[in-house]
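A short reminder: the numbers here are calculations on the coordinates, not readings from a lab. Not measured: the values here are computed from a predicted model. Ideal geometry is used to build each Cβ from the backbone, glycine not excepted, and the neighbour counts take in all protein chains shown.
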Amino acid sequence: MSTDVDVHPLDALEQALQAERRALLEHDVDALMQSAQAKLVALRDAERIAGPDDHARIRELHELNRANAVLLARRRREVAWTLRHLGRSEATGTYDVSGFASTARAGGRWLGCG
């Protein structure tokens, strides 16, 4: 449950989505993590109370969330590109043909080494 009982859950969700957008645009990882947590709490509360009259508002919030996802994907591509051009790579967990987890490397040096 949200800590502020005066804020409608859909308003809290909108505030969390706006905070998430600011964090993405400002490249603020801490604010992004906080807004993601606030978004999950607000979404849980909104799912509990939302009714048929809230359909239009939910659609607007869905579009805002989708726009944030586009920003997040763009930022992730930028970081991956930068890492590649710095000669570094991210370790990525993958599964081999027998279904066991292994660690793959795209090339370059491991992050934090060399």
Output ordering of 35-43, 20-28 (per-residue mean of other Cβ within 10 Å, highest first) is 35-43, 20-28
Mean Cβ-within-10 Å packing, highest first, puts peptides 59-70, 74-85 in the order 59-70, 74-85
